[in-house]
1. Anything in the range 1-60 that is among the basic types (Lys, Arg) and in contact (Cβ under 8 Å) with a residue 40 or more places away in the chain? List them, or say none.
2. Under the condition of being touching a Phe, Trp or Tyr at 6+ places or on another chain (Cβ under 7 Å) and either outside the structural domain of Asn25 (by TED's automatic domain parsing) or surrounded by 15 or more Cβ atoms within 10 Å (Cβ to Cβ) (or both), which residue from the range 234-252 is nearest to Asn14 (Cα to Cα)?
3. For the range 243-268: of the residues being in contact with a Ser or Thr (Cβ under 8 Å, 6 or more places away or on another chain) and under 21 Å from Thr219 (Cα atoms), which is modelled with the lowest pLDDT?
4. Tally the residues that are over 20 Å from Arg4 (Cβ atoms) and β-branched (Val, Ile, Thr), restricting the search to the range 58-81.
5. Does Gly179 fit the bill of being under 16 Å from Trp230 (Cβ atoms) and in the same structural domain as Thr47 (by TED's automatic domain parsing)?
6. Would you point out which residue out of Thr259, Thr247, Thr219, Thr291 is free of Cβ contacts under 8 Å to residues at least 60 places away in the same chain, out of contact with any Pro (no Cβ under 7 Å at 6 or more places or on another chain) and more than 22 Å from Phe28 (Cβ to Cβ)?
7. Kindly indicate whether Ser112 is in a loop (DSSP other than H, G, I, E, B) and either over 21 Å from the mean Cα position of the chain (by Cα) or not assigned by TED's automatic domain parsing to the domain that holds Ala192 (or both).
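The values are calculated or read from the model by the stated rules, or taken from the named source; none is laboratory data. In this text, all values refer to a predicted model and were calculated from it rather than measured experimentally. Virtual Cβ from ideal backbone geometry, glycine too; neighbours counted across all protein chains shown.
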Amino acid sequence: MRLRRSELSTPGSNEAMMEKAAASNADFVFLDLEDSVAPAEKVQARTKVVTALTTLDWGTKTRAIRINDLESQWAYEDVIHIVEEAGEVLDLVIIPKVKKAEDVRWVDTLLSQIERKHGRDRHIALEVLIEEVEAMVNAEEIACSTPRLEALIFGPGDYSASQGVRMDAVGGVTDDYPGDVWHYARNKVVIAARAAGIEAVDGPFADFRDADGYRRECTRASVLGFSGKWAIHPGQVDIANEAFSPTTRQVERARKMITAYAEAEAKGLGAVAVDGVMVDAASARVMRRITDKADLIGM
């Protein structure tokens with residue numbers, strides 16, 4: 001398991017932004033070669049990304065890249081160039097716009113060949129973006145595509161274009177639709193991920209100046225079981241870290257309940273009352289999710 005409360009997107013063509021990302025509070029930084037890099041800069045950006053990965057101090061952050069769309073002319077060389085040159089320090093590759101499990105397995109195979117060539121025992125992990133209607137239909141199959149896959153990411157921007165969602169609703173709220181526009185899509189993605197034993201991450205919120213809107217979308221994703229959310233600006237990182245972290249009080253209560261249930265179980269009891277609340281196997285399981293995350297955070 002790794003922390004991914006905040007996954008910070010950073011243009012791979014911008015050295016200054018990559019330096020700021022390395023110094024940020026994000027759990028996870030991915031250096032982007034896709035949407036944030038102009039076509040004329042994509043090839044040169046690979047070298048800048050390799051330099052950033054191998055020379056900057058990333059601390060305990062997960063170091064990742066997002067490659068270009070697999071249907072583009074850049075994707076295969078993104079993988080080859082960066083993994084050949086920086087595979088020893090790269091933790092994860094994000095694949096955008098997947099449509100089916102075979103897309104994920106293609107990258108898996110390419111990574112395996114490079115790792116065998118260099119005799120690397122450390123395997124680079126994968127995350128994939130569910131941002132096409134075909135991917136939403138195939139979410140369960142994609143989630144089980146390869147043991148390298150650690151998380152599904154819901155990408156509302158491109159998904160809006162794929163489904164034909166109105167532009168004014170992309171942020172999740174519109175006066176013309178009751179409730180959360182993305183409830184079904186998020187719910188399907190997180191269910192597919194959890195059924196496969198992997199995590200789910202919510203995608204970007206475009207208006208980085210709207211802190212309240214970003215916090216609202218973090219909360220919605222957290223309630224459904226997502227592990228974290230993308231940040232497209234360092235100013236969003238602390239909001240995501242807070243939204244996807246348990247409070248000290250929640251952690252203390254969870255540990256108390258788990259201890260009490262373990263003691264009750266040892267006595268042959270199926271449930272026990274803790275501070276007026278009944279704790280059984282199901283509630284202990286929920287509490288363990290809280291304590292597991294707290295342990296990762298160091299709470």
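1. Of all residues in the range 1-60, those among the basic types (Lys, Arg) come to 2, 4-5, 20, 42, 46, 48.
Across the range 1-60, the qualifying residues are Arg2, Arg4, Arg5, Lys20.
2. Applying the first criterion (touching a Phe, Trp or Tyr at 6+ places or on another chain (Cβ under 7 Å)) to the range 234-252 yields 235-236, 239.
If we keep only those that are either outside the structural domain of Asn25 (by TED's automatic domain parsing) or surrounded by 15 or more Cβ atoms within 10 Å (Cβ to Cβ) (or both) as well, we get 236, 239.
Working: Gln236: 19, Ile239: 24 Å.
So, considering only residues that are touching a Phe, Trp or Tyr at 6+ places or on another chain (Cβ under 7 Å) and either outside the structural domain of Asn25 (by TED's automatic domain parsing) or surrounded by 15 or more Cβ atoms within 10 Å (Cβ to Cβ) (or both), the one nearest to Asn14 (Cα to Cα) is Gln236.
3. Here is the first cut: in the range 243-268, the residues in contact with a Ser or Thr (Cβ under 8 Å, 6 or more places away or on another chain) are 243-244, 251, 254-255, 257-258, 261.
So of that shortlist, the ones also under 21 Å from Thr219 (Cα atoms) come out as 243-244, 251, 254.
On the way: Ala243: 97, Phe244: 97, Val251: 93, Ala254: 90.
By that ranking, first place goes to Ala254.
4. Qualifying residue count, the range 58-81: 2.
5. Numbers: under 16 Å from Trp230 (Cβ atoms): no; in the same structural domain as Thr47 (by TED's automatic domain parsing): yes.
Here the answer is no, as Gly179 does not meet what is asked.
6. Thr259
7. Working: in a loop (DSSP other than H, G, I, E, B): no; either over 21 Å from the mean Cα position of the chain (by Cα) or not assigned by TED's automatic domain parsing to the domain that holds Ala192 (or both): yes.
No; evaluated as a whole, the condition is false for this residue.
One line per residue, one yes/no per condition, for (1) surrounded by 15 or more Cβ atoms within 10 Å (Cβ to Cβ); (2) basic (Lys, Arg):
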position	(1), (2)
Ala254	yes, no
Ala260	yes, no
Ala281	no, no
Ala284	yes, no
Arg289	no, yes
